[in-house]
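Worksheet: one structure, shown below.
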């Protein structure tokens, strides 16, 4: 099982950052790689079990299911149902923790998945650096550091 | 029951901060209020259940017991056994996490305790500012000095 761990710090209070990232249908509003997104069957985006169907800017289509969402602990867990990435059993969690020293936010994004062994290094790098750090960099730009 | 939660970012790799923090007998090297530290019965400082006897700068003595330590999770927990101040049922947890963006360290330090109602605000200030926040600042300086 491959594991990805990416973490960063953004100069904004956790409640503000969480308000942006908690929307399971809101990736296009803050993640530069995501083009458009919708929730299947017209369900609310914070209904655990709902499925988002979104497209990357490169045209790839991905379907992901919301497995857990907590406004109290500020985390969101989801799995990939369908993607062209060649991953199985993919589960990811985005978690925010307040940094009391300076009203900043510690952001963690983790994933575990199975894949063909020869593709593991490339996938770990693409997901960790491209998707996760790419998202963190965008949040840092949006919140001014 | 009062609860104090403090966290900070240290501009040093997590392994370096953990190497300093995990030494239950080494707080006198970085935590300003602590003058001297010794483990009772000469037990190893990473033996779960060991008790450290700590002398504060003002001469007071505190006994604390190591409840748990994990090098994998980079966490440890300890409780106060004896203290001259009205701080009861005190349990503290330390946790480090790597900040991969910049090879830094996220440090989370929290404590729960009870205190008489008249002393709770003072005890909360003591733990939050004079121990936890002061510890953050001196560890930050410590790591800067090591890097220089």
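The values are calculated or read from the model by the stated rules, or taken from the named source; none is laboratory data. Quick caveat: nothing in here was measured; it's all calculated off a predicted structure. Using ideal geometry, Cβ is built from the backbone for each residue, glycine included, and neighbour counts are taken over all protein chains shown.
Here's the yes/no breakdown for (1) under 30 Å from residue A:120 (Cβ atoms); (2) surrounded by 14 or more Cβ atoms within 10 Å (Cβ to Cβ); (3) under 14 Å from the mean Cα position of the chain (by Cα):
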| site | (1), (2), (3) |
| --- | --- |
| A:4 | yes, yes, yes |
| A:11 | no, yes, no |
| A:24 | yes, yes, yes |
| A:27 | yes, yes, yes |
| A:36 | yes, no, no |
| A:43 | no, yes, no |
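From the residues in region B:61-83 that are in contact with a strand residue (DSSP E or B) (Cβ under 9 Å, 6 or more places away or on another chain) and assigned to a loop (DSSP other than H, G, I, E, B), which one is nearest to residue B:38 (Cα to Cα)?
Here the residue is B:83.
When region B:96-148 is filtered for residues that are under 16 Å from the mean Cα position of the chain (by Cα) and outside any helix (DSSP H, G or I), the ones remaining, listed by number, are B:96, B:97, B:105, B:106, B:107, B:108, B:109, B:110, B:111, B:112, B:113.
Select the strands (runs of 3 or more DSSP E) contained entirely in region A:28-145, then report the ones holding at least 2 residues which are in contact with a strand residue (DSSP E or B) (Cβ under 8 Å, 6 or more places away or on another chain), modelled with pLDDT of 95 or more and under 30 Å from residue B:129 (Cβ atoms).
Answer list for region A:28-145: A:88-99, A:104-114.
The condition (being more than 14 Å from every other protein chain (Cβ to nearest Cβ), surrounded by 16 or more Cβ atoms within 10 Å (Cβ to Cβ) and in contact with a helix residue (DSSP H, G or I) (Cβ under 6 Å, 6 or more places away or on another chain)) is satisfied by just one residue among B:92, B:111, B:115, B:45: B:115.
Could you tell me which residue of region B:30-42 is surrounded by the fewest Cβ atoms within 10 Å (Cβ to Cβ), considering only residues that are in contact (Cβ under 8 Å) with a residue 40 or more places away in the chain and over 16 Å from residue B:80 (Cβ atoms)?
Filtering region B:30-42 for residues that are in contact (Cβ under 8 Å) with a residue 40 or more places away in the chain and over 16 Å from residue B:80 (Cβ atoms), the one surrounded by the fewest Cβ atoms within 10 Å (Cβ to Cβ) comes out as B:32.
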